[in-house]
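Enquirer: Questions regarding the structure given below will be posed in turn.
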Amino acid sequence: MLDNNDLLMEMQRRMLRIRRFEERVIQLVERGEIVGAAHSYIGEEAVAVGACLALRDDDWITGNHRSHGHPIAKGGDVNKAMAELLGKSTGFCKGKGGSMHLADFSVGILGESGILGSSIPTAVGAALGSQLQGNDRVAVPFFGDGASNEGAFHESLNLAAIWKLPVVFLCENNQYAVTSSFKKMVASENISDRAAAYNIPGVLVDGQDVIAMYEAVSEAVARARAGEGPALIEGRTYRYFDHSLGLNRIVRDPYREDEEVEHWKQRDPIIIHAKLLLSQGIATQVELDALESEIAAQIDEATEFARQSPYPEPSALFEDMFANPIPLE
Amino acid sequence: MTQVQTETRDITLTQALNEAMREEMRKDERVFIMGEDIQSGVYGASGGLAAEFGPERVRDCPLSENAFMGAAVGAAAVGMRPIVESAFCFMWVAMDSLVSQAAKMRYMFGGQVNLPIVYRASLYYGGSMAAHHSDRSYPIFMHIPGFKVVFPSNAYDGKGLMKTAIREDDPVLFCEDRTILGSRAFVPEDDYAIPLGVADIKREGSDVTIVAIGGMVPRALDAAETLDREGVSAEVIDPRSLVPLDKQTILDSVAKTGRLVTVDMAHKTCSAASEIAAIVAMEGFWSLQAPVQRLGTVNVHIPFSTALEPLCYPTAESIADAARTTMS
């Protein structure tokens, strides 16, 4: 059992930060302050937090469309995250990326991809960079069960395996690709089983248990840093909301049972970890309440920061295309 | 590969590209090459590099174009300067990495990252390779913002442009036209680089401007010879890079000649020739004395038979004919 109390509290802090951030996002979507698509990470917090706390600040991650949680888990600035979601110039990407394309290179977030599986090769390339530069930085691409059916996933596992690259492939199996169950769409029983085809370790982890995620990823990261090559970790988890916010107004036939949703809500990662903190005497209820207040203030501040921030100037439209700019029209 | 140690040496485009990569790899250890069968130099220009730089920096890849063209993006994002060797026809299976990541990443992430990548694309047309291997659809990468598109027509330009491409901090699609890879030109030993966006006037003339790309340049020069014998003075311009495009040199030439023929080995519709014709129609219209003639590959797939394939592409003859049309 992990006995680092600061780390155990930090797990709770980051999971809670993601949860309250995502709850605020829902409100802002409903109020029309966030436009476009937004995909809620609520229910899956333990995966990103357990994994990212097993990383150093200078390690790399990539994400996908459902990736508000990953920058927060990796230590990215919540103000900039919220500002990006509101399309403001102070956002991570100056308002050019939005919800599905957050990136904060200053804390190792090489970016998220709305095209699924597409950012997995990017992470493999970052790991190749580590290997060629002779450092021990590790890359962790986050992707879902759906993306594990993409060719990019399979090509990437093979490439990382033959070159022994320091990659920890992290599949967040929330069990549905939009409305399609992985049980219908994935030929193997577990996605982690697919590692066998590439002769690398494959580990199935309870994705609602932040400590289990932390320990599994730590072990894989240690292997990767030691030059022993990649691993595939499947965090079995669940998203409480539909694929994207508001999709319930479009989907006519329920694709999952209420009982199933309820079952998984009973295994809420934040409640599980809070109980552990209390039962082990690591935190008191008063301290957990204080944590709630701390996070609430952060989310309020981020919202205010985003609202008060200016939109990009029209001149920003032609900026950032190239490092060496050329005439654009 | 043996380098000829004279100041007046003629080398092939393939040799010129090899030299450019070799010299840049010697100077900058961040530069490395990835591709299929490049250690053995099956496709030419990377030949011999593995012997000097080793298998880490000259990396043979599995047939996973999407993964390794995407890995180039990640490697570039963390400070490396990859060169990816491939054939244009194999890029189709990597389009997600090329378009969704390489092209879009910098802009989409607000300029947080530079991606110094050279994607080398061989165009294997004109060699009885049939529809799958004869693709020349490089103008797709002009259409997608985010790439610089470079297309040399001879060994001298090839070396200078490759050096610039490797030093460039943006993704570059570098086209290598197989119909001219073996053609020789004078290439000095000195270190020189040719900037992007500077067209070269390959032949001066006063009656008609012919803008030709890559392997179409020698055909346009042949056409100009023919036309010269008929008393028609053709100016032949090689843009050398399509993104950025030196439109001013083209517009200045048309202002002088009043006539334009654009020649491309890409399919005619939405080709580089189309784009150049459109620019001149908009910005050089009042100089034109005749309708613009646009030549390209006819809009069919490349057939295998030697009876059919030559009918697909512009030739010196068809270029000369187009020029005559503008004169009539």
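Values in this text are rule-based calculations from the coordinates and carry no lab data. Just so you know, these numbers come straight off a predicted model, no measurement behind them. Virtual Cβ from ideal backbone geometry, glycine too; neighbours counted across all protein chains shown.
Enquirer: Against the conditions (1) among the acidic types (Asp, Glu); (2) buried (at least 18 other Cβ atoms within 10 Å of the Cβ); (3) farther than 30 Å from B:GLU168 by Cα, where does A:ASP320 fall short? Just the number, please.
Expert: Only one criterion in (1) among the acidic types (Asp, Glu); (2) buried (at least 18 other Cβ atoms within 10 Å of the Cβ); (3) farther than 30 Å from B:GLU168 by Cα is unmet by A:ASP320, namely (3).
Conditions (1) surrounded by fewer than 23 Cβ atoms within 10 Å (Cβ to Cβ); (2) over 21 Å from B:ILE279 (Cβ atoms); (3) under 11 Å from the mean Cα position of the chain (by Cα), marked per residue:
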residue: B:SER128; (1), (2), (3): yes, yes, no
residue: B:HIS133; (1), (2), (3): yes, yes, no
residue: B:VAL149; (1), (2), (3): no, no, yes
residue: B:SER153; (1), (2), (3): no, no, yes
residue: B:GLY158; (1), (2), (3): no, yes, yes
residue: B:LEU161; (1), (2), (3): no, yes, yes
residue: B:LEU173; (1), (2), (3): no, no, yes
residue: B:LEU196; (1), (2), (3): no, no, no
residue: B:LYS202; (1), (2), (3): yes, no, no
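Enquirer: Which residue pairs have Cβ atoms under 9 Å apart, sit 6 or more places apart or on different chains, and have a first residue in the stretch B:135-163 that is at positive phi and a second that is assigned to a loop (DSSP other than H, G, I, E, B)?
Expert: What qualifies is B:GLY146/A:MET321; B:GLY146/A:PHE322; B:GLY146/B:LYS104; B:GLY146/B:LEU115; B:GLY146/B:ASP170; B:GLY146/B:PRO171.
Enquirer: Filter the stretch A:75-94 down to residues that are surrounded by fewer than 24 Cβ atoms within 10 Å (Cβ to Cβ), assigned to a helix (DSSP H, G or I) and within 12 Å of chain B (Cβ to nearest Cβ), then give me how many there are.
Expert: 1
Enquirer: What residue, among those in the stretch A:121-136 that are part of a helix (DSSP H, G or I) and more than 12 Å from A:LEU165 (Cβ to Cβ), is nearest to the other protein chains (Cβ to nearest Cβ)?
Expert: Filtering the stretch A:121-136 for residues part of a helix (DSSP H, G or I) gives A:121-133.
Among the residues that remain, those that are also more than 12 Å from A:LEU165 (Cβ to Cβ) are: A:122, A:133.
Details: A:THR122: 4, A:GLN133: 7 Å.
So the residue we want is A:THR122.
Enquirer: Let me ask you something else. Provide a single number: the residues in the stretch A:21-38 that are outside any helix (DSSP H, G or I) and in contact with a Leu (Cβ under 7 Å, 6 or more places away or on another chain).
Expert: Residues that pass the stated criteria total 3.
Enquirer: Kindly indicate whether any position in the stretch B:4-11 is of a type in the set (Asp, Glu) and over 23 Å from B:ILE140 (Cα atoms). Give the steps one after another, and end with the answer.
Expert: Of all residues in the stretch B:4-11, those of a type in the set (Asp, Glu) come to B:7, B:10.
Okay, now just the ones that are also over 23 Å from B:ILE140 (Cα atoms), so B:7, B:10.
Yes, the stretch B:4-11 contains a residue that is of a type in the set (Asp, Glu) and over 23 Å from B:ILE140 (Cα atoms).
Enquirer: I've got another one for you. Among the candidates B:SER64, B:SER40, single out the residue that is within 14 Å of another protein chain (Cβ to nearest Cβ), small (Gly, Ala, Ser) and farther than 17 Å from B:PRO116 by Cβ.
Expert: B:SER64
Enquirer: For the stretch B:178-194, what are the residues that are assigned to a loop (DSSP other than H, G, I, E, B) and more than 13 Å from the chain's Cα centre (by Cα)?
Expert: Passing the criteria: B:GLY182, B:SER183, B:VAL187, B:PRO188, B:GLU189, B:ASP190, B:ASP191, B:TYR192, B:ALA193, B:ILE194.
Enquirer: Which strands (runs of 3 or more DSSP E) sit wholly inside the stretch B:212-297 and have at least 2 residues that are among the polar types (S, T, N, Q)?
Expert: Output list reads B:293-297.
Enquirer: Hey, B:TYR119 hits all of (1) buried (at least 21 other Cβ atoms within 10 Å of the Cβ); (2) farther than 16 Å from B:ALA72 by Cβ; (3) in contact with a strand residue (DSSP E or B) (Cβ under 7 Å, 6 or more places away or on another chain); (4) of a type in the set (Ser, Thr, Tyr) but one; which does it fall short on?
Expert: (2)
Enquirer: Using the structure shown, decide if B:LEU227 is farther than 12 Å from B:SER153 by Cβ and within 14 Å of chain A (Cβ to nearest Cβ).
Expert: Judged against the criteria, B:LEU227 is not a match.
Enquirer: Still on this model: If I ask for residues that are away from chain A (no Cβ under 14 Å) and either buried (at least 18 other Cβ atoms within 10 Å of the Cβ) or touching a residue at least 60 places away in the same chain (Cβ under 8 Å) (or both), which ones from the stretch B:48-61 would you list?
Expert: Within the stretch B:48-61, B:LEU49, B:ALA50 qualify.
Enquirer: Restricting to the stretch A:252-309, name every residue that is in a loop (DSSP other than H, G, I, E, B) and of a type in the set (S, T, N, Q).
Expert: If the condition is that a residue be in a loop (DSSP other than H, G, I, E, B) and of a type in the set (S, T, N, Q), then A:GLN266, A:GLN280, A:THR284, A:SER309 are the ones that fit.
Enquirer: Report whether or not B:ALA72 is more than 7 Å from chain A (Cβ to nearest Cβ) and closer than 22 Å to B:GLU176 by Cβ. Full working, then the answer.
Expert: On the way: more than 7 Å from chain A (Cβ to nearest Cβ): no; closer than 22 Å to B:GLU176 by Cβ: yes.
No: the conditions fail for B:ALA72.
Enquirer: Of everything in the stretch B:292-328 that's closer than 13 Å to B:ALA220 by Cβ and among the β-branched types (Val, Ile, Thr), which residue is surrounded by the fewest Cβ atoms within 10 Å (Cβ to Cβ)?
Expert: My answer is B:THR315.
Enquirer: Go through the residues of the stretch B:304-321 one by one and say whether even a single one is part of a strand (DSSP E or B) and within 19 Å of B:TYR124 (Cα to Cα). Give the steps one after another, and end with the answer.
Expert: From the stretch B:304-321, those part of a strand (DSSP E or B) are none; that's our starting set.
Looking for residues that are part of a strand (DSSP E or B) and within 19 Å of B:TYR124 (Cα to Cα), one finds none in the stretch B:304-321, hence no.
Enquirer: Considering only residues that are closer than 20 Å to B:GLU176 by Cβ and of a type in the set (D, E, K, R), look in the stretch B:75-116 and name the one that is surrounded by the fewest Cβ atoms within 10 Å (Cβ to Cβ).
Expert: In this case the residue turns out to be B:ARG81.
Enquirer: I've got another one for you. Does the stretch A:309-319 include one or more residues that are more than 14 Å from chain B (Cβ to nearest Cβ) and either within 19 Å of A:LEU85 (Cα to Cα) or not β-branched (Val, Ile, Thr) (or both)?
Expert: Yes; the residues of the stretch A:309-319 include at least one that is more than 14 Å from chain B (Cβ to nearest Cβ) and either within 19 Å of A:LEU85 (Cα to Cα) or not β-branched (Val, Ile, Thr) (or both).
Enquirer: Here's something else I'd like to know. Can you find a residue in the stretch A:230-248 that is assigned to a helix (DSSP H, G or I) and out of contact with any Gly (no Cβ under 7 Å at 6 or more places or on another chain)?
Expert: yes
Enquirer: Take A:ILE18 and decide whether it is under 13 Å from the mean Cα position of the chain (by Cα) and part of a helix (DSSP H, G or I).
Expert: Numbers: under 13 Å from the mean Cα position of the chain (by Cα): yes; part of a helix (DSSP H, G or I): yes.
Taking the combined requirement at face value, the residue satisfies it.
Enquirer: Check whether at least one residue in the stretch B:156-177 is in a loop (DSSP other than H, G, I, E, B), under 21 Å from B:THR14 (Cβ atoms) and more than 14 Å from chain A (Cβ to nearest Cβ), and report yes or no.
Expert: No; the residues of the stretch B:156-177 include none that is in a loop (DSSP other than H, G, I, E, B), under 21 Å from B:THR14 (Cβ atoms) and more than 14 Å from chain A (Cβ to nearest Cβ).
Enquirer: Condition (residue is out of contact with any Lys or Arg (no Cβ under 8 Å at 6 or more places or on another chain), farther than 19 Å from B:SER137 by Cβ and within 9 Å of another protein chain (Cβ to nearest Cβ)) applied to the stretch B:82-94: is it met by at least one residue?
Expert: Checked the stretch B:82-94: at least one residue is out of contact with any Lys or Arg (no Cβ under 8 Å at 6 or more places or on another chain), farther than 19 Å from B:SER137 by Cβ and within 9 Å of another protein chain (Cβ to nearest Cβ).
Enquirer: Looking only at the stretch A:99-118, filter to residues that are surrounded by 24 or more Cβ atoms within 10 Å (Cβ to Cβ) and under 20 Å from A:VAL186 (Cβ atoms); which one of those is nearest to the other protein chains (Cβ to nearest Cβ)?
Expert: This residue is A:SER118.
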